[in-house]
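Report on one structure; see the data block that follows.
The values are calculated or read from the model by the stated rules, or taken from the named source; none is laboratory data. Nothing here was measured: the structure is a model prediction, and the numbers come from that model. Neighbour counts run over all protein chains shown; Cβ positions are idealised from the backbone, glycine included. Surface areas here come from the heavy atoms of the whole protein model, side chains and all, with no ligands, DNA or RNA. Shrake-Rupley method; radii C 1.70, N 1.55, O 1.52, S 1.80 Å.
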Amino acid sequence: MTVHRTARTLVFNKPYDVLPCFTDPEGRQTLGDYIDVSGVYAAGRLDRDSEGLLLLTSDGALAHRITDPEHHLPKVYLVQVERIPDAAAVERLQQGVVVGGRRTKPARVRLLLEAPQIPERPVPIRFRKHVPTAWLELTLREGMNRQVRRMTAAVGHPTLRLVRVAIGPIFLGALLPGEWRELTKAETAEIYGYS
């Protein structure tokens with residue numbers, strides 16, 4: 001008799017300074033400190049110094065759908081940067097910038113007029129008295145390594161804080177850092193139907 005396990009997918013709000021894996025030989029905080037569900041793995045990257053929405057799944061086809069840029073699932077980030085970007089810097093980000101010898105695809109970028117309502121980070125960003133900061137909402141449809149940080153640095157506005165708030169139709173919502181919930185069947189269908 002064959003036993004079919006039902007695939008599980010979790011929506012997790014990854015805190016700052018947590019590695020996006022389940023074990024670490026150096027004893028640093030990992031997903032395993034927050035999630036006690038076997039057989040799920042991160043679908044995509046979210047670096048240790050980045051925060052926010054991470055999808056974990058035991059469904060290989062769904063993981064591929066989430067991570068493969070051919071499916072054009074947009075990833076939405078709230079990005080705190082050094083100094084206030086002018087229209088030219090925003091335009092460069094929108095058109096694509098060269099990072100690692102390759103031009104990024106066009107992005108949707110919006111300069112936010114006020115800081116977003118998100119939980120404080122346990123480790124504050126570096127503060128420089130005479131250097132203002134600004135928040136951007138940045139939407140990408142590709143996933144180069146550390147792309148957001150490399151893009152903002154390329155236009156002269158280093159990233160200080162990075163929080164992913166959406167992947168396709170899935171939003172972080174009210175989950176606090178370290179909290180997770182199950183993805184619903186309807187949400188899974190939305191990911192497959194997203195274009």
- Task: Apply the Kirkwood formula to the range 74-121: the hydrodynamic radius equals the inverse of the mean of 1/r over all pairs of different alpha-carbon atoms; give it in Å with one decimal.
- Result: 12.5
- Query: Hey, rough spin-label estimate for residue 125 and residue 110, points 7 angstrom out along Cα→Cβ, what's it come to in nanometres?
  - Reply: 1.8
- Task: Could you list the square roots of 5 times each eigenvalue of the Cα gyration tensor of the range 138-195, that is, the equivalent ellipsoid semi-axes, sorted largest first and rounded to whole Å?
- Result: 27, 16, 8
- Summing -39500 (n - 2.57) over every DSSP H run of at least 4 residues in the chain and dividing by its residue count gives a helix-only mean residue ellipticity at 222 nm, to the nearest 500 deg cm²/dmol, of -5000 deg cm²/dmol
- Item | Among 74-87, 34-47, the order from most to least packed when residues are scored by Cβ within 10 Å on average | 74-87, 34-47
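Using the eigenvalues of the Cα gyration tensor, what equivalent ellipsoid semi-axes result for the range 9-110 when each is taken as the square root of five times the eigenvalue, whole Å, largest first?
29, 18, 12
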- Item | Average accessible area per residue (Å²) across the chain - probe 1.4 Å, nucleic acids and ligands excluded | 55
- Message: Tell me the Kirkwood radius of the chain: reciprocal of the mean inverse pair distance over distinct alpha-carbon atoms, in Å.
- Response: 17.7
- Between residue 21 and residue 184, what is the spin-label point distance in nm, taking each point 7 Å from the Cα along the Cα→C-beta axis? 3.5
- Message: Please identify the DSSP H helices in the chain that span no less than 18 Å along the helix axis (Cα) and have a mean Kyte-Doolittle hydropathy of 1.0 or more.
- Response: none
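Run the accessible area of the chain with a 1.4 Å probe and give the carbon-and-sulfur part as a rounded percent. Present the calculation step by step, with values, prior to reporting the outcome.
Details: 5700 of 10730 Å².
Taking all protein chains in place, the chain shows 53 percent carbon and sulfur surface.
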